[in-house]
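The values are calculated or read from the model by the stated rules, or taken from the named source; none is laboratory data. Just so you know, these numbers come straight off a predicted model, no measurement behind them. Positions of Cβ are backbone-derived with ideal geometry, glycine not excepted, and every protein chain shown enters the neighbour counts.
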Amino acid sequence: GAVVSQHPSRVICKSGTSVKIECRSLDFQATTMFWYRQFPKQSLMLMATSNEGSKATYEQGVEKDKFLINHASLTLSTLTVTSAHPEDSSFYICSAIPINNSYEQYFGPGTRLTVT
Amino acid sequence: QKEVEQNSGPLSVPEGAIASLNCTYSDRGSQSFFWYRQYSGKSPELIMSIYSNGDKEDGRFTAQLNKASQYVSLLIRDSQPSDSATYLCAGLDNYGQNFVFGPGTRLSVLP
């Protein structure tokens with residue numbers, strides 16, 4: 001149980017385009033999902049907390065107009081990187097907390113974004 | 001600022017030995033702690049959660065929590081080369097709202 005999927009797993013896009021990443025909890029419902037970014041050999045960096053039906057809470061320094069988050073249902077959150085630039089190239093990972101378990105985060109497999 | 005600290009390593013242990021990974025946290029209000037394993041190029045995987053002082057065992061893994069000392073540890077018995085990964089410690093505050101991850105300790109188990 002507690003499986004989280006992400007799509008796509010890998011994406012290459014041109015500078016200036018937008019990319020949407022989906023995060024789904026497959027066998028549980030999640031009111032809260034998190035989006036992280038991880039650069040090579042660095043630790044996880046929380047970008048935002050996504051709550052179903054409400055606006056996401058962004059961490060300091062993360063541009064909410066550039067990283068659009070939508071948590072439209074209890075099993076789906078999306079992150080859209082708008083007008084992507086090469087410095088946005090990174091490993092984007094989502095996680096979800098099951099409704100009936102307030103504490104344990106389960107991570108998706110991650111999406112590797114490369115902006116050329 | 002709430003912080004979780006870990007020695008970045010690498011921590012090298014021979015196969016079959018006990019690996020001891022340590023973590024300290026600054027937020028005395030943190031009540032819940034988690035250990036994640038992350039292989040290179042992959043996302044983190046939950047290994048253990050611990051909420052009470054003392055030890056919690058699951059197979060070869062034992063998590064230890066000492067809230068008075070603000071210290072969490074993970075012991076891996078009979079370490080295997082497949083345990084080689086980065087281990088992330090995370091704490092959750094008492095309101096259940098703020099997760100803080102440590103930078104991770106890289107473990108290398110030598111055959």
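Looking across the stretch A:89-116, the residues that are in a strand (DSSP E or B) and more than 12 Å from chain B (Cβ to nearest Cβ) come down to A:SER90, A:LEU113, A:THR114, A:VAL115.
Every residue in the stretch B:89-111 that is in a strand (DSSP E or B) and either touching a Leu at 6+ places or on another chain (Cβ under 6 Å) or without any contact (Cβ under 8 Å) to a residue 60 or more places away in the chain (or both), please. Show your work before the answer.
Just the residues of the stretch B:89-111 that are in a strand (DSSP E or B), to begin with: B:89-92, B:99-101, B:105-110.
Once the filter is applied, which keeps residues that are in a strand (DSSP E or B) and either touching a Leu at 6+ places or on another chain (Cβ under 6 Å) or without any contact (Cβ under 8 Å) to a residue 60 or more places away in the chain (or both), the stretch B:89-111 yields B:PHE99, B:PHE101, B:THR105, B:LEU107.
Against the conditions (1) exposed (fewer than 14 other Cβ atoms within 10 Å of the Cβ); (2) over 29 Å from B:PRO111 (Cβ atoms), B:TYR39 satisfies every one except (2). Contact annotation: residue pairs with Cβ atoms under 6 Å, 6 or more positions apart or on different chains, pairing a residue in the stretch B:20-31 that is touching a residue at least 24 places away in the same chain (Cβ under 8 Å) with a partner that is surrounded by fewer than 17 Cβ atoms within 10 Å (Cβ to Cβ) and of a type in the set (Phe, Trp, Tyr), are B:THR24/B:TYR71. For the stretch B:1-32, give me each residue that is of a type outside the set (Val, Ile, Thr), over 12 Å from B:THR86 (Cα atoms) and within 14 Å of chain A (Cβ to nearest Cβ). Once the filter is applied, which keeps residues that are of a type outside the set (Val, Ile, Thr), over 12 Å from B:THR86 (Cα atoms) and within 14 Å of chain A (Cβ to nearest Cβ), the stretch B:1-32 yields B:GLN1, B:LYS2, B:GLU3, B:GLU5, B:CYS23, B:SER30, B:GLN31, B:SER32. Counting residues in the stretch B:33-53 that are over 19 Å from A:ASN101 (Cβ atoms), of a type in the set (A, V, I, L, M, F, W, C) and either free of Cβ contacts under 8 Å to residues at least 12 places away in the same chain or within 14 Å of another protein chain (Cβ to nearest Cβ) (or both) gives zero. Among the residues of the stretch A:67-88, those identified as outside any strand (DSSP E or B) and either touching a residue at least 40 places away in the same chain (Cβ under 8 Å) or farther than 14 Å from A:MET45 by Cβ (or both) are A:LEU74, A:THR75, A:THR82, A:SER83, A:ALA84, A:HIS85, A:PRO86. Being outside any strand (DSSP E or B), closer than 22 Å to B:GLU3 by Cβ and more than 11 Å from every other protein chain (Cβ to nearest Cβ) is a property that does not hold for B:SER79. The residues on offer are A:LEU76, A:LEU46, and the sole one that is among the aliphatic types (A, V, I, L, M), within 14 Å of another protein chain (Cβ to nearest Cβ) and surrounded by fewer than 22 Cβ atoms within 10 Å (Cβ to Cβ) is A:LEU46. Here B:SER82 passes the criteria (1) at pLDDT 95 or above; (2) surrounded by 19 or more Cβ atoms within 10 Å (Cβ to Cβ) except the one numbered (2).
Condition first: of a type in the set (A, V, I, L, M, F, W, C), within 14 Å of another protein chain (Cβ to nearest Cβ) and in contact with a Phe, Trp or Tyr (Cβ under 7 Å, 6 or more places away or on another chain). Now tell me which residues in the stretch B:82-111 satisfy that. Once the filter is applied, which keeps residues that are of a type in the set (A, V, I, L, M, F, W, C), within 14 Å of another protein chain (Cβ to nearest Cβ) and in contact with a Phe, Trp or Tyr (Cβ under 7 Å, 6 or more places away or on another chain), the stretch B:82-111 yields B:ALA85, B:LEU88, B:CYS89, B:ALA90, B:LEU92.
For the structure I just gave you, tell me whether B:LEU74 is among the hydrophobic types (A, V, I, L, M, F, W, C) and within 13 Å of chain A (Cβ to nearest Cβ). Taking the combined requirement at face value, the residue does not satisfy it. Could you pull out the residue among A:PRO86, A:PRO98 that is surrounded by 15 or more Cβ atoms within 10 Å (Cβ to Cβ) and more than 15 Å from the chain's Cα centre (by Cα)? It is A:PRO98. Return yes or no: is B:GLN64 farther than 21 Å from A:CYS94 by Cα and within 11 Å of chain A (Cβ to nearest Cβ)? It is false that B:GLN64 is farther than 21 Å from A:CYS94 by Cα and within 11 Å of chain A (Cβ to nearest Cβ).
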